[in-house]
1. Among residues belonging to segment 170-201 that are open to solvent by less than 20 Å² (accessible area, probe 1.4 Å) and in contact with a Leu (Cβ under 7 Å, 6 or more places away or on another chain), point out the one that is nearest to Glu6 (Cα to Cα).
2. Among the listed residues Thr11, Thr61, identify the single one that is under 24 Å from Gln189 (Cα atoms), open to solvent by 30 Å² or more (accessible area, probe 1.4 Å) and in contact (Cβ under 8 Å) with a residue 12 or more places away in the chain.
3. How about segment 110-144: which of its residues are crowded, with 16+ Cβ neighbours inside 10 Å, at pLDDT 65 or above and in a strand (DSSP E or B)?
4. If you go through segment 155-162 one residue at a time, do you hit one that is at pLDDT 90 or above, in a strand (DSSP E or B) and either surrounded by fewer than 16 Cβ atoms within 10 Å (Cβ to Cβ) or in contact with a strand residue (DSSP E or B) (Cβ under 8 Å, 6 or more places away or on another chain) (or both)?
5. Quickly run through segment 29-42 and pick out the residues that are open to solvent by 30 Å² or more (accessible area, probe 1.4 Å) and in contact with a Ser or Thr (Cβ under 9 Å, 6 or more places away or on another chain).
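The values are calculated or read from the model by the stated rules, or taken from the named source; none is laboratory data. None of the values given here were measured: they were computed from a predicted structure. Cβ: placed from backbone, ideal geometry, glycine included. Neighbour counts: every protein chain shown. With ligands, DNA and RNA removed, areas are computed over all heavy atoms of the protein, side chains included. Shrake-Rupley method; radii C 1.70, N 1.55, O 1.52, S 1.80 Å.
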Amino acid sequence: TGTVTEPPLLTWSQVDGAARYEVSLSQDQEFDKDRSRTMTIWGTGSTFIKFNEIQRLVDGTWFWRVRAIDGAGVGHTWSPIGRFTLISARPSLTAPRDGATVVGSPLLRWTPVEPACGYQVQTSTDPSFEKAETTTPGGSLPDKGLPTEEQKDLEGTVSTEVTAAVPTGSVFSSEGTWYWRVRTACDDQRGQWSASRNFIS
């Protein structure tokens, strides 16, 4: 149980006569086969880095259980259900300092987060990011039929694999006060947004 910032190592005690173990992980306590993942483990511990072959665990509460499988392939009783809450680490914004006055478009920097595949940087003239500029380096973001809330999160974002970016072109389009924030992006999974900062151009 508890809150973790990355997928945890799941461990359990040895069961006499067990040939292997079966571990099940789900976001609900029913462990519905369509919404859970079951793996065969040959030891007494496992790290769930990915829920399946392509997706890392998303933030939220996860339930898990384990049972011994004997030499004849018979599964014993499932263990009591364990639970943990995954909250991805957030990048810390490092430059420019909050409230700084800059010339033109500044170089934005933040701390790396492991194991992030990349980052999304969002800029807006609105501190709530409700009116973010809907552009990327390649032009307007396509509407992929995303829910309104998810589309809003993508507005005004630039994707990068490094820990720095310079918002250019129509992403950064005017003088005044700008707000920015960063989150991790890996496959189709997104981390939590960092605390926002602002600069005056």
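1. Ser194
2. None of the other options fit; the residue is Thr61.
3. Trp110, Tyr119, Gln120, Val121, Gln122, Thr123, Ser124
4. no
5. If the condition is that a residue be open to solvent by 30 Å² or more (accessible area, probe 1.4 Å) and in contact with a Ser or Thr (Cβ under 9 Å, 6 or more places away or on another chain), then Glu30, Asp32, Arg35, Arg37, Thr38, Met39 are the ones that fit.
Every residue, every condition in (1) within 20 Å of Ala116 (Cβ to Cβ); (2) within 22 Å of the chain's Cα centre (by Cα); (3) at pLDDT 90 or above, yes or no:
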| position | (1), (2), (3) |
| --- | --- |
| Asp28 | no, yes, yes |
| Phe48 | yes, yes, no |
| Arg67 | no, no, yes |
| Val74 | no, no, yes |
| Ala89 | yes, yes, no |
